[in-house]
Amino acid sequence: MKKTSLIAFIVVVICFLISWFSKGGLFGGDGAMLDGFLVTVAAFLTLSILSFLYQDNPFYKFAEHLFVGVSAAFWMCMGFWSTIVGNLIPRLSEGLSEWFMVPYIEYDYNFFFWIPVILGLFLLMRLSNKHGWISRWSLAFIVGTTAGLNLIRYLRSDFINQISASFIPLLVEWNGIGDFFSNLSLSATGQLVAMLANWVIFLGVFCGLIYFYFSKEHTGLFGKASRVGIWILMITFGAAFGYTVMGRISLLVGRITFLFSDWLGLIE
């Protein structure tokens, strides 16, 4: 064992003892020992992942492979018990339903229920070197079906709804500009702010589309609108990136809080 690995192991053991004693130590019963061990394992895996910030190392590789393996096993079990046992078996066999202790669903015989069984068996042929090509039929069906369903879903959410959300009123009907300023109220102010926001959205969409219009040279007024479109795009990308970073920062804060609170007990 390398010197660095030995030092890291000793540090983890010392922190485990600190966590154990903070939860009751020798007088806390078997539960304190188990809690301290589980918390220390979680802290070790957390520190192993964070150690990649220093350099690639065996601790990081161990935690990474453990995470991938446990995740794959978990979702395989979830898929088996929720999809195969929960949906397929109750529609195919009453005997298997009783064996798995799930309620049998009485249906008239339908051959279409056997199609996922056949495609699933085709997928398992991937394990065979000689007949592995058969699995491509199942993969083609999965990829094609998923692409077709997601095409309609994203077409509605990211295209049609985006276009319909751009059709917004740019003017608000008042009795007169003098009447507006003489009877300035919270509702009227809200209408003015909403109108200004609609104008910002309209100009942002319009200038952003101009930036992607390459059939005309971006000069003069057209070029200025194109540069405004660049600013709009950069602000949008920056806000999206900042939102993503803040989400990751919240995860980091959660893990640091776990280390200093649940593991070491330094903060309440």
Would you check if there is a residue in the range 11-27 being aliphatic (A, V, I, L, M) and modelled with pLDDT of 85 or more?
no
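Within the group PHE258, PHE212, PHE237, PHE241, which residue is open to solvent by less than 80 Å² (accessible area, probe 1.4 Å) and not basic (Lys, Arg)?
On the way: PHE212 fails: open to solvent by less than 80 Å² (accessible area, probe 1.4 Å); PHE237 fails: open to solvent by less than 80 Å² (accessible area, probe 1.4 Å); PHE241 fails: open to solvent by less than 80 Å² (accessible area, probe 1.4 Å).
Only one candidate qualifies: PHE258.
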Against the conditions (1) open to solvent by less than 100 Å² (accessible area, probe 1.4 Å); (2) within 33 Å of the chain's Cα centre (by Cα); (3) β-branched (Val, Ile, Thr); (4) more than 22 Å from ALA43 (Cα to Cα), where does VAL253 fall short? Just the number, please.
(4)
Cβ-Cβ under 6 Å, sequence separation 6+ or interchain: first residue in the range 120-136 and open to solvent by 100 Å² or more (accessible area, probe 1.4 Å), partner polar (S, T, N, Q). Which pairs?
ARG126/SER135
Do we have any residue at all in the range 71-86 that's among the polar types (S, T, N, Q), farther than 30 Å from PHE52 by Cβ and in contact with a helix residue (DSSP H, G or I) (Cβ under 8 Å, 6 or more places away or on another chain)?
no
Take the conditions under 24 Å from MET234 (Cα atoms) and either part of a helix (DSSP H, G or I) or at pLDDT below 85 (or both) and apply them to ILE201. Does it pass?
yes
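For every residue, the table says whether it meets (1) over 30 Å from VAL253 (Cβ atoms); (2) open to solvent by 100 Å² or more (accessible area, probe 1.4 Å); (3) in contact with a Cys (Cβ under 7 Å, 6 or more places away or on another chain).
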| site | (1), (2), (3) |
| --- | --- |
| ALA42 | no, no, no |
| THR46 | no, no, no |
| GLN55 | no, no, no |
| TYR60 | no, no, no |
| VAL70 | no, no, no |
| SER82 | yes, no, no |
| ARG91 | yes, no, no |
| GLY95 | yes, no, no |
| TYR107 | yes, yes, no |
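The values are calculated or read from the model by the stated rules, or taken from the named source; none is laboratory data. These figures come from a predicted structure and were not determined experimentally. For neighbour counting, all protein chains shown are included, and Cβ atoms are generated from backbone atoms with ideal geometry for every residue, glycine included. For the accessible areas, the whole protein counts, side chains as well, though only heavy atoms, and no ligand, DNA or RNA atoms are used. Shrake-Rupley method; radii C 1.70, N 1.55, O 1.52, S 1.80 Å.
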